[in-house]
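For reference, the structure discussed in these notes is given below.
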Amino acid sequence: MSGYSITEASPRQKWIAGLLVAGYTIVTLVPLFWIVATGFKSPSDAIAYPPKVIFTPTLEGYVNLFTTRTRMNPDQLEALGPPQTWYDGIVRQYDMVISGPSRFGERFLNSVIIGFGSTFLSIFLGTLAAYAFSRFKVPLKDDLLFFILSTRMMPPIAVAIPIFLMFRTLGLSDTHLGMILLYTAVNISLAVWLLKGFIDEIPREYEEAALIDGYSRFQAFYKVVLPQAATGIASTAIFCLIFSWNEYAFAVLLTSGTAQTAPPFIPTIIGIGKDWPAVAAGTTLFLIPVMVFTILLRKHLLRGITFGAVRK
Amino acid sequence: MAQIVIRNLRKEFGDFVAVRESDFTIEDGEFFMLLGPSGCGKTTTLRMIAGLELPTSGQILLDGKDVAQVPASARDIAFVFQMFALYPHMNVRRNISYPLVSQGMPRAEVRRRVGEAAGILGIEDILDRPVGGLSSGDRQRVALGRAIVREPKAFLMDEPLGALDAEFRERMAEELRALHDRMGATTVYVTHDQLEAMQMGDKIVVMNRGVVEQWGTPQDIYDFPATMFVADFIGSPPMNFLRFDEQVRAGSRTVRLSGVEVPVPQTREATSGARAALGVRPEHVRLSDDGAYRGDVIAVEYLGTTQIVTLDTPNGDLKARIASSDPVKVGERVGLSFVTQTLSLFDAETGRALALERESVRGREVRETTHG
């Protein structure tokens, strides 16, 4: 008799599965690795052919990302004396001096404000709507839910021009509020549908128990339903954040200054002398918040907190 | 603790009438059972008493005050759910203290009351455990703890034993009854299990299709069922119906079953039509060779001290519960007689019992119950 069964894979199957997973991991991680690595290359290493896998790391890309620089002739440089800081030293190699901070910091902050702002708003409105759809008799409930879903049935960019005109008329172009509202409008349908599913799963008895225990409907909602919907809220929030954080097309179209987010900004760095390491550095930093957010909420994604509390 | 009076209570869900004009009274300190098949409106009635559903019309008097339209949180009533509904994100102690916290009770007092409730239920040792890992019995006790800790006006329980394993149910039923006797709290308990209702209840309401068929003590309901539905629902095996097509007149002392005169308690009213049924409990059937009314034995079920004999009679199948020592063989033809004072007569058209003159059953004073 063989030592394996229907439910447990044979060692050979496990090996094959392991190799497939490893292969997939490599395919997905190589571009990421390449971006992170390029961020620490010198501009000449970054465009070297054949590509350099082993190189001397430098922070040049990061310095270029955060600063604006002016080229000077040797006499002027002489007059300035030796470089004052390590980053001064890096730019001096190219006969340049730092003339001020770049816009990357502001753009990054814009991304944080708009990304997290719209995620919060989508989740806030989405949870309330999902709860209402899940618990109350709403007239035309199915039609309304379908209508909400239908907003996702075409690519949002198809309505780019009308939105552009609307934003201009309303004075929302290039504002944080405008972008938050836009991303919320796109995300809310996803939030309502996902969260309704999660809230449907929470037995009504919990709220009823809370009502009997002397709490109002709203108290029952936030003290009993919300903690149990945490898993669903966390995963929905991750989806919303990933969308609004990475969104490029509307950001290019609707923002140019004050409210410009990082995605349309990062490519503009290339313009200044094919500075691939700076672009890669910006991209690397841009990846971090979503990664941190996902890792922080991972616990909620994996934990089924209602396990065992209700007999089914 | 409180008396609960249900008056003309009605609940509609759209076109569906879940509960029709119900009336009954739950006395202070009673263990009161709402019994009926699924979909009969018993749970809806309980939820209306709790305030989880608002009645379409009618009154719910809690200690004389109409609370029919008062929200659940303001009624001071505890509810034990079938699925327990323990808050999964809190440990046992927080679950039990939750209703007290909502009243803004000082922490020391909350601790004392939770300790007391835990002591009564014997769950002091699990107070700091999460509810997720508890056995179903312990979860049941925690749910009870959450109910008793508030010292509410009444306890409402929706099939609280339904989620337990069969072996454990018996023990929990005893615990529940003992707890009730100790606290003397008015308890309204929903079940579809007639045995559970008979075993635990001081009084029982039998509901069917949104209608209260009868309410009274378990003995009253068992001995004097008000309708054929109640007679059929209570008892295992249920009451036998020997149907016959003949109008029963007021004042008669016998009915004619396939040509045989069978003595019955004197009737006080007549059937509306020509269809009637004689109700006889299996334990009130006697097998005797001299009985003029006869039947063929078609099955015998041995149950230890008693046996259930199924007989084919001219008026339909009849089950008799007799001592297992009595020799009965399948295929035998035997004479039957019935214990006269225990018989019921029904109008088979309306399903209602006829009022009868009775001397006594089980040595109790006879009361005619025509509630419902």
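A few remarks follow.
- Some residue of the range B:77-94 being touching a residue at least 12 places away in the same chain (Cβ under 8 Å), in a helix (DSSP H, G or I) and touching a helix residue (DSSP H, G or I) at 6+ places or on another chain (Cβ under 7 Å): yes
- Residue A:174 being away from chain B (no Cβ under 14 Å), among the charged types (D, E, K, R) and not in a helix (DSSP H, G or I): yes
- Residue in the range A:56-67 that is touching a residue at least 60 places away in the same chain (Cβ under 8 Å), assigned to a loop (DSSP other than H, G, I, E, B) and under 25 Å from residue A:256 (Cβ atoms) present: no
- Within the range A:215-254, considering residues that are touching a Phe, Trp or Tyr at 6+ places or on another chain (Cβ under 9 Å) and outside any helix (DSSP H, G or I), the one nearest to the other protein chains (Cβ to nearest Cβ): A:215
- Checked against the criterion of being part of a loop (DSSP other than H, G, I, E, B), under 24 Å from residue B:198 (Cβ atoms) and either touching a residue at least 40 places away in the same chain (Cβ under 8 Å) or charged (D, E, K, R) (or both), the range B:117-135 has no qualifying residue.
- Restricting the range B:146-168 to residues that are at pLDDT 85 or above and over 20 Å from residue A:206 (Cβ atoms), the residue that is surrounded by the most Cβ atoms within 10 Å (Cβ to Cβ): B:154
- The strands (runs of 3 or more DSSP E) located wholly in the range B:266-367 that include 1 or more residues which are hydrophobic (A, V, I, L, M, F, W, C) and in contact (Cβ under 8 Å) with a residue 60 or more places away in the chain occupy B:276-280, B:306-313, B:316-323, B:333-338, B:344-347.
- Test: residue in the range A:79-91 that is outside the structural domain of residue A:256 (by TED's automatic domain parsing) and either touching an Asp or Glu at 6+ places or on another chain (Cβ under 6 Å) or assigned to a strand (DSSP E or B) (or both): yes
- Restricted to the range A:172-188, and to residues there that are under 18 Å from the mean Cα position of the chain (by Cα) and polar (S, T, N, Q), the residue that is surrounded by the fewest Cβ atoms within 10 Å (Cβ to Cβ) is A:184.
- Residue B:22 being buried (at least 16 other Cβ atoms within 10 Å of the Cβ), of a type in the set (S, T, N, Q) and under 24 Å from residue B:142 (Cβ atoms): no
- In the range B:75-89, residue farthest from residue A:202 (Cα to Cα) [restricted to those that are of a type in the set (A, V, I, L, M, F, W, C) and facing chain A (nearest Cβ under 8 Å)]: B:77
- Some residue of the range A:190-204 being closer than 27 Å to residue A:285 by Cα and outside any helix (DSSP H, G or I): no
- Residues in the range A:132-154 include none that are within 22 Å of the chain's Cα centre (by Cα), surrounded by fewer than 18 Cβ atoms within 10 Å (Cβ to Cβ) and at positive phi.
- When B:54, B:46 are screened for being within 14 Å of chain A (Cβ to nearest Cβ), outside any strand (DSSP E or B) and either buried (at least 20 other Cβ atoms within 10 Å of the Cβ) or touching a Phe, Trp or Tyr at 6+ places or on another chain (Cβ under 9 Å) (or both), only B:46 passes.
- Where residue B:258 falls short, out of the listed (1) closer than 17 Å to residue B:33 by Cα; (2) in the same structural domain as residue B:280 (by TED's automatic domain parsing); (3) surrounded by fewer than 20 Cβ atoms within 10 Å (Cβ to Cβ): (1)
- Any hit, the range A:92-99, residues being in a helix (DSSP H, G or I), more than 28 Å from residue A:290 (Cα to Cα) and outside the structural domain of residue A:236 (by TED's automatic domain parsing): yes
- Candidates B:129, B:139, B:111, B:150: the one that is away from chain A (no Cβ under 13 Å) and either closer than 19 Å to residue B:184 by Cα or out of contact with any Gly (no Cβ under 8 Å at 6 or more places or on another chain) (or both) is B:111.
The values are calculated or read from the model by the stated rules, or taken from the named source; none is laboratory data. Quick caveat, the model's predicted, so the values are computed rather than measured. Heads up, the Cβs are rebuilt from the backbone with ideal geometry, glycines too, and the neighbour counts pull from every protein chain shown.
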